[in-house]
């Protein structure tokens, strides 16, 4: 029982450290993230931080895992509950833009901006996440073709890539503007250009 309580406390400390890290990433002007700065932000000692996470790379890995888990829980919900393929695709795009809008610090991770000078495997994890998201959009487009919402000659790979380029572009603008350019700005107009006319 005692071990269980210790485990819970350790988990709570990890959450506080990760929340502090995500909070520091939300500063419009980049700040150097050090263990000392994290200790001050989280109220947890540097030695306790090192007991939870062996390195900053370990912390970023945990944040990437959180982003992946959060996004794919919501993605699966959209795919299971939304019957219309057209709405599936639109809602997937809205999810990716909306997640960014609500989580500016996480957006810096999604575009790799926060991972500069960090371990190369973190950038690889982000590239793999982008590929998974693009594959999900391809799947939704294939369903739209199978239900004859889209013609069979549509280039699914090119269309899915266009969607991802749009999303990543909006993520970049959000970060590079110091979080002033809303990822969802002009969505109603842009969706009319971005989505194939059969899905509108």
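The values are calculated or read from the model by the stated rules, or taken from the named source; none is laboratory data. On a predicted model such as this, the values are computed, not experimentally measured, just so you know. FYI the Cβ positions are ideal-geometry reconstructions off the backbone, even for glycines, and counts take in every protein chain you see.
When region 17-57 is limited to residues that are over 20 Å from residue 122 (Cα atoms) and not in a helix (DSSP H, G or I), the one that is farthest from the chain's Cα centre (by Cα) turns out to be 45. Only residues that are within 20 Å of residue 160 (Cβ to Cβ) and crowded, with 21+ Cβ neighbours inside 10 Å were counted in region 98-119, giving 2.
Which count do you get for residues in region 153-194 that are in a loop (DSSP other than H, G, I, E, B), touching a residue at least 24 places away in the same chain (Cβ under 8 Å) and farther than 30 Å from residue 24 by Cβ? Count: 1. Evaluated against (1) assigned to a helix (DSSP H, G or I); (2) over 18 Å from residue 31 (Cβ atoms), residue 60 falls short on exactly one condition, (2).
The single residue among 123, 148 that is without any contact (Cβ under 8 Å) to a residue 60 or more places away in the chain and within 24 Å of the chain's Cα centre (by Cα) turns out to be 123.
Residues that are farther than 20 Å from residue 149 by Cα and in contact with a helix residue (DSSP H, G or I) (Cβ under 7 Å, 6 or more places away or on another chain) were ranked within region 77-97; the one that is surrounded by the fewest Cβ atoms within 10 Å (Cβ to Cβ) is 95.
Somewhere in region 64-76, is a residue farther than 25 Å from residue 119 by Cβ, surrounded by 13 or more Cβ atoms within 10 Å (Cβ to Cβ) and either modelled with pLDDT of 95 or more or out of contact with any strand residue (DSSP E or B) (no Cβ under 8 Å at 6 or more places or on another chain) (or both)? Steps first, please.
Going residue by residue through region 64-76, those that are farther than 25 Å from residue 119 by Cβ are 73-76.
Going one step further and asking which of them are surrounded by 13 or more Cβ atoms within 10 Å (Cβ to Cβ), we end up with 74-75.
Then keep just the ones that are either modelled with pLDDT of 95 or more or out of contact with any strand residue (DSSP E or B) (no Cβ under 8 Å at 6 or more places or on another chain) (or both); that gives 74-75.
Yes: region 64-76 contains one or more residues that are farther than 25 Å from residue 119 by Cβ, surrounded by 13 or more Cβ atoms within 10 Å (Cβ to Cβ) and either modelled with pLDDT of 95 or more or out of contact with any strand residue (DSSP E or B) (no Cβ under 8 Å at 6 or more places or on another chain) (or both).
Can you report the number of residues in region 93-152 which are farther than 21 Å from residue 181 by Cα and part of a helix (DSSP H, G or I)?
Filtering region 93-152 down to residues farther than 21 Å from residue 181 by Cα leaves 115-152.
With part of a helix (DSSP H, G or I) added as a condition, the list becomes 115, 120-146.
Of the residues in that region, 28 qualify.
Is there a residue being touching a helix residue (DSSP H, G or I) at 6+ places or on another chain (Cβ under 8 Å), surrounded by 12 or more Cβ atoms within 10 Å (Cβ to Cβ) and modelled with pLDDT of 95 or more anywhere in region 142-154? No: zero hits. Report whether or not residue 123 is at pLDDT 95 or above and surrounded by 15 or more Cβ atoms within 10 Å (Cβ to Cβ). No: the conditions fail for residue 123.
Results for (1) at pLDDT 90 or above; (2) in contact with a helix residue (DSSP H, G or I) (Cβ under 7 Å, 6 or more places away or on another chain), shown as yes or no for each residue.
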residue: 7; (1), (2): no, no
residue: 16; (1), (2): yes, yes
residue: 19; (1), (2): yes, no
residue: 39; (1), (2): yes, yes
residue: 45; (1), (2): yes, yes
residue: 48; (1), (2): yes, yes
residue: 52; (1), (2): yes, yes
residue: 56; (1), (2): yes, no
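Residue pairs whose Cβ atoms lie under 8 Å apart, separated by 6 or more positions or on different chains, with the first residue in region 11-27 and under 21 Å from residue 174 (Cα atoms) and outside the structural domain of residue 50 (by TED's automatic domain parsing) and the second assigned to a helix (DSSP H, G or I) and modelled with pLDDT under 95, do not occur.
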